[in-house]
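All remarks here apply to the structure that follows.
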Amino acid sequence: NKTVYSNVAENGPFENFCASAALAKAYLVYNNEDKVFADWCLRSAKEDFEFAKDGYKQGIYTKRWGPNVDSQVCGHGIIAAIELYKCTLDSYYIDVAATYAKIVLACQQSDTPDWDIPLRGFFYEDPNHKWMLTYEHRGHEQSPVQGLAMLCEVASNHPDYETWINGLKLYREYVLDSMKLTKPYGLVPGHVYVLDKLNSDRFTIPASYGTIPEGMEILRNQARSGKKLADNVYLRIFPVAVQRRGYHATLLSKTKAISMIAKVLNDEELKQIAIDQLEWVMGKNPFASSTMYGCGYNYHPLYVAFSRQMVGALPVGIMTNGDNDAPYWPVRDHAVFKEIWGHTTGKYLWVLADLIK
C-alpha cells in the first residue's frame, strides 16, 4: 500500500492577510496587461482580507502558527489594508488599518523600563505584554513596523499620524541603543529576552531534546549568555533556538523594518545600518565568507536536496554553537544552517528594494 501524504489547507488570519497583500500587489502589476486576471486578483485580495479580518476577530488560527501573535497579525493586516487602499482608494481600508495600528502600538514597549540598562521600542506579542515577540527561524518582526510605515506614507493627514510616527521613532531608538551592545559585529540584535515572558509555542523543541519545560530551560540558558539588562532580562546578539539555528531570516526581517523607517524618516543613519546587515550576509562577517552561492568571496556550497547549486541562493544563515552568543559558520554543508531558503532570499531583495529607490 502506497502512503499518500497531504498538507491540508487551513484558515488563518496571518496567512490570509499575506495572501491579500500579495494579490493586491499582483492587481497593480497586471492591471495594464491582463484585465481579467488583474480583476480576479483584486476580488481574491478583498475576499482574503475579509476572511483574515473575521478570523482574527473570532480568534481562529492555524496549527502552523498557533494562537495569534497580535503584533504580527495586525501589522500584516495593516500592510494588506494599505495595498488594497492603493488599488481601490477606498477609505474603509485606512480605517481598518488605523484600528490595527492601535493594537500594534499597544504591543510596543513605549515606557522606559526600570532596568540597569533600559531599552524601549521593541515589541511584545500582545497588548498585555505577556509574551515577548521573538523568532527562532522565520522572522516577521518587520510586520508591525512596516505596517506603521506604510500607513504614514499614505495617510499623513490622519489624526493618528503622529502616534504612528512616534512608534517608528521608538523602534529607531531601540535599534540604535541596542546596537551599542552588539559590538564588534555591527549587527541588529536578536531579541530582548525577559525569561518569564518566553512563549513555548514559538520555539521548536524536538522530543529528543526532552520535555517542553526542559527545552525552555535550554533556551533560558542561552538567553543568559547574552548581555544582562536586568534581573531575568537579557539582550542576545543572535536569537535563542534549540534546533532551528541559522539567523539570516530573523536579521533580515529587522533589516526590512529599518529600511522602511529610513524611507519614511529620510534617515541616512538607519539606511547605512540596513546596508551593513546586507553586507554581513555578503561577507562582511568574521569568516570573510559570502553566504550567497556564486557571489562574492569564499562562498560555500549550500545544502540543496533536489538540484545542483544555484547562483544567487541564500541559506538559512550563520548560526551559533551551544549556548554561545557568537557567530558560527562551519565548513560542512548541512541543514538547516546551509539549507537554501526562499525566505531569506526574498527578504534580502525586499530590503534592497527600499535602498535603491
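The values are calculated or read from the model by the stated rules, or taken from the named source; none is laboratory data. Just so you know, these numbers come straight off a predicted model, no measurement behind them. For neighbour counting, all protein chains shown are included, and Cβ atoms are generated from backbone atoms with ideal geometry for every residue, glycine included. Surface accessibility is based on the protein's heavy atoms, side chains included, excluding ligands, DNA and RNA. Shrake-Rupley method; radii C 1.70, N 1.55, O 1.52, S 1.80 Å.
Please find, among V311, V281, V331, the residue that is closer than 21 Å to G346 by Cβ, among the aliphatic types (A, V, I, L, M) and open to solvent by 30 Å² or more (accessible area, probe 1.4 Å).
Sole residue among the options that is closer than 21 Å to G346 by Cβ, among the aliphatic types (A, V, I, L, M) and open to solvent by 30 Å² or more (accessible area, probe 1.4 Å): V311.
Could you please find all residues in segment 82-92 being closer than 12 Å to K53 by Cβ and surrounded by fewer than 24 Cβ atoms within 10 Å (Cβ to Cβ)? Explain how you work it out, then say what you get.
Just the residues of segment 82-92 that are closer than 12 Å to K53 by Cβ, to begin with: 84, 92.
Hit for segment 82-92 is Y92, nothing else.
Kindly check whether there is at least one residue in segment 105-117 that is modelled with pLDDT of 95 or more and either more than 30 Å from Y193 (Cβ to Cβ) or among the aromatic types (F, W, Y) (or both). Give the derivation first.
So the first thing to find is which residues in segment 105-117 are modelled with pLDDT of 95 or more, and the list is 105-117.
Checking the rest, the ones that are also either more than 30 Å from Y193 (Cβ to Cβ) or among the aromatic types (F, W, Y) (or both) come to 115.
Scanning segment 105-117, I find at least one residue that is modelled with pLDDT of 95 or more and either more than 30 Å from Y193 (Cβ to Cβ) or among the aromatic types (F, W, Y) (or both), so the answer is yes.
For every residue, the table says whether it meets (1) closer than 21 Å to L265 by Cβ; (2) among the aliphatic types (A, V, I, L, M).
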position: I117; (1), (2): no, yes
position: P189; (1), (2): yes, no
position: V192; (1), (2): no, yes
position: D201; (1), (2): no, no
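If I ask for residues that are within 26 Å of Y61 (Cβ to Cβ) and of a type in the set (S, T, N, Q), which ones from segment 73-111 would you list?
T99, Q108, Q109
Please find, within segment 344-357, the residue that is nearest to T204 (Cα to Cα) out of those that are surrounded by 17 or more Cβ atoms within 10 Å (Cβ to Cβ) and of a type outside the set (V, I, T). Walk me through it before giving the result.
Restricting attention to segment 344-357, the residues satisfying the condition of being surrounded by 17 or more Cβ atoms within 10 Å (Cβ to Cβ) are 344-345, 347-348, 350-351, 354.
Now drop any that are not of a type outside the set (V, I, T), which leaves 347-348, 350, 354.
On the way: K347: 22, Y348: 24, W350: 26, D354: 32 Å.
Step by step, filter segment 344-357, then rank; the result is K347.
Given the conditions (1) surrounded by fewer than 18 Cβ atoms within 10 Å (Cβ to Cβ); (2) out of contact with any strand residue (DSSP E or B) (no Cβ under 8 Å at 6 or more places or on another chain); (3) at pLDDT below 95; (4) not small (G, A, S), report the number of the one that N321 does not fulfil.
(2)
Out of the residues in segment 208-233 that are among the hydroxyl-bearing types (S, T, Y) and either surrounded by 14 or more Cβ atoms within 10 Å (Cβ to Cβ) or in contact (Cβ under 8 Å) with a residue 12 or more places away in the chain (or both), which is nearest to T134 (Cα to Cα)?
S225
Return a yes/no flag: does segment 261-270 have any residue that is touching a Cys at 6+ places or on another chain (Cβ under 6 Å) and surrounded by 15 or more Cβ atoms within 10 Å (Cβ to Cβ).
Yes, segment 261-270 contains at least one residue that is touching a Cys at 6+ places or on another chain (Cβ under 6 Å) and surrounded by 15 or more Cβ atoms within 10 Å (Cβ to Cβ).
So I79 clears everything in (1) open to solvent by less than 90 Å² (accessible area, probe 1.4 Å); (2) more than 18 Å from the chain's Cα centre (by Cα) except one condition, right? Which one?
If we test I79 against (1) open to solvent by less than 90 Å² (accessible area, probe 1.4 Å); (2) more than 18 Å from the chain's Cα centre (by Cα), just (2) comes out false.
Would you mention how many residues in segment 284-300 are surrounded by fewer than 13 Cβ atoms within 10 Å (Cβ to Cβ) and at negative phi? Working first, answer last.
If we filter segment 284-300 for residues that are surrounded by fewer than 13 Cβ atoms within 10 Å (Cβ to Cβ), which is where we start, we get 288, 294, 297-298.
The next check asks that each one be at negative phi; those that pass are 297.
Adding up the residues that qualify gives 1.
Between residues in segment 148-175 that are closer than 19 Å to L84 by Cβ and residues that are crowded, with 21+ Cβ neighbours inside 10 Å and among the acidic types (D, E), which pairs lie under 9 Å by C-beta distance while being six or more apart or on different chains?
M150/E83
Just checking, how many residues over segment 98-125 are open to solvent by less than 20 Å² (accessible area, probe 1.4 Å) and outside any loop (DSSP other than H, G, I, E, B)?
Total meeting the criteria: 7.
Given the residues K63, K35, K46, K57, which is the only one that is open to solvent by 50 Å² or more (accessible area, probe 1.4 Å) and under 19 Å from S143 (Cβ atoms)?
Details: K63 fails: under 19 Å from S143 (Cβ atoms); K35 fails: under 19 Å from S143 (Cβ atoms); K46 fails: under 19 Å from S143 (Cβ atoms).
On inspection, the qualifying residue turns out to be K57.
For segment 246-357, give me every one of the helices (runs of 4 or more DSSP H) that falls completely inside it and has 2 or more residues that are touching an Asp or Glu at 6+ places or on another chain (Cβ under 6 Å).
Those helices (runs of 4 or more DSSP H) span 248-265.
For segment 153-185: of the residues being of a type in the set (F, W, Y) and open to solvent by 40 Å² or more (accessible area, probe 1.4 Å), which is farthest from L105 (Cα to Cα)?
My answer is Y185.
Considering only segment 236-252, how many residues are farther than 19 Å from V192 by Cβ, out of contact with any helix residue (DSSP H, G or I) (no Cβ under 8 Å at 6 or more places or on another chain) and open to solvent by less than 10 Å² (accessible area, probe 1.4 Å)?
Summing the residues that are farther than 19 Å from V192 by Cβ, out of contact with any helix residue (DSSP H, G or I) (no Cβ under 8 Å at 6 or more places or on another chain) and open to solvent by less than 10 Å² (accessible area, probe 1.4 Å) in segment 236-252 gives 1.
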